[in-house]
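Below is one structure; the comments refer to it alone.
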Amino acid sequence: MTGPSTPSDPPASHSTPPSSTPPSPGAPDQRSLVGLFMMLATEALIALGEAPDPVTGQQQRELAHASALIDLLSLLRDKTQGHRSAEETGTLEDLIYDLQLRYVKAAKPSG
């Protein structure tokens, strides 16, 4: 009896993740490479103080964190070279360029 109950357990647990996987219509986009780039870029904008933190609603500037995220996007660009679509490449290049410009502007001493 242990044998029949064991095969029925894995399908039950395996069927649970697919039903919980699509919680929102935006989920497929979030799991794409462009979605990953956008998520990291959004976090970098928050760290640059250009967007409010979604949890606190306050704007804070954390330049070291922003720099690390820009570096991460650059690393992803290098490591995925030759494995991206034209859309993914264009989006990534645009994001890195924009974030680098914003970082330089934010890091410039005010005066």
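All of the numbers you see were taken from the coordinates with simple rules; none came from a lab. Computed from a prediction, not measured in an experiment: that's the story for all the values here. Here the Cβ positions follow ideal geometry from the backbone for every residue, glycine too, while neighbour counts run over all protein chains shown.
Each peptide in 90-97, 41-48 was scored by the mean count of other Cβ atoms within 10 Å over its residues; highest first, the order is 41-48, 90-97. Summary of the geometry: the stretch 36-57 and the stretch 63-111, compared by the centres of their Cα atoms, lie 13 Å apart. Using equal-weight Cα scatterers in the Debye expression, the normalised intensity of the stretch 62-111 in log10 at q = 0.19, 0.30 Å⁻¹ is -0.64, -1.13. Counting Lys and Arg as +1 and Asp and Glu as -1, what is the net charge of the other residues whose Cβ lies under 13 Å from the Cβ of Leu45? Around Leu45, the charge tally is -2.
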